[in-house]
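Let me begin by presenting the structure, written as structure tokens, before commenting on it.
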Amino acid sequence: MLKQEAKLHFYENHLKPLSQQKQLALDGYYRHNRETLAAQFRQALQQLLLKVFGQQQQGVKQPIAYINFALLRTRILDQDYRWRVDAYDQSWYLDPQETWVWYDATWAYQFFDEWARALEEQRRPYFNTITTSDWEIIRLQEAGFYQNYIKSLARFALDEFTLPGELESLATKKPLEIRVGDYLDTSQIVGKIGRPPRSLTEIKTWLAAKEPTGYQGE
């Protein structure tokens, strides 16, 4: 069997069916446990905000403008499914004061881990055609699907999130953007905190502008 044919055979007969199986399992788990998962997400966010507040009390952190839940792809290959959650001021990645906590996303990636372990066994007959480098690329591509569930959870969790009383004096840019993406790379707005109220006229004018990315998180 030629190398390209072997890869196609592996994909169609092993990788694709197992991916569909684990993705369906994740979807069922997410739907059944969404409320609990949302509470855990908000807890990580609040932990970060408390850390920011402490730094601001010490005078070492400027008003924050962005919070980013970030996937570290190198950790995925090491079976470490924690995401880094950073708070940035207006200068974003150039913020001189680091402020971050971990968010444990193992709830989603447990299905990815099961997929990778099972597929590793099925890959053995293909070792001569699917190299270690190929296998790393396959896993990183598959991991992208699971990132979508973190985004969905974030949107759901933020619908019911408000700053707790002890953080009323937290200094933020309004609105504060919450984003999900890759570490120090592209990210997507999933919610905003402290959005100023708009009149119906303002909303109509705003929507009429048809801004390509202006409505994310709104």
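The values are calculated or read from the model by the stated rules, or taken from the named source; none is laboratory data. Predicted model only: the values in this text are computed from it and were never measured. Positions of Cβ are generated from backbone atoms using ideal geometry, with glycine treated the same way; all protein chains shown enter the neighbour counts. Note: accessible area is taken over every heavy atom of the protein model, side chains too, but ligands, DNA and RNA are not part of it. Shrake-Rupley method; radii C 1.70, N 1.55, O 1.52, S 1.80 Å.
Considering region 91-109, the residues that are open to solvent by 80 Å² or more (accessible area, probe 1.4 Å) and among the acidic types (Asp, Glu) include one that is farthest from ARG73 (Cα to Cα), namely GLU98. Note on region 110-129: among residues that are touching a residue at least 60 places away in the same chain (Cβ under 8 Å) and open to solvent by less than 60 Å² (accessible area, probe 1.4 Å), the one that is nearest to TYR29 (Cα to Cα) is PHE111. Selection of region 1-34 for residues being of a type outside the set (Lys, Arg), more than 18 Å from TYR109 (Cα to Cα) and open to solvent by 90 Å² or more (accessible area, probe 1.4 Å) yields MET1, LEU2, GLN4, GLU5, LEU8, TYR11. Filtered by the rule that a residue be over 24 Å from TYR109 (Cβ atoms) and either surrounded by fewer than 17 Cβ atoms within 10 Å (Cβ to Cβ) or among the small types (Gly, Ala, Ser) (or both), region 56-82 gives GLN57, GLN58, GLY59, VAL60, PRO63, ALA65.
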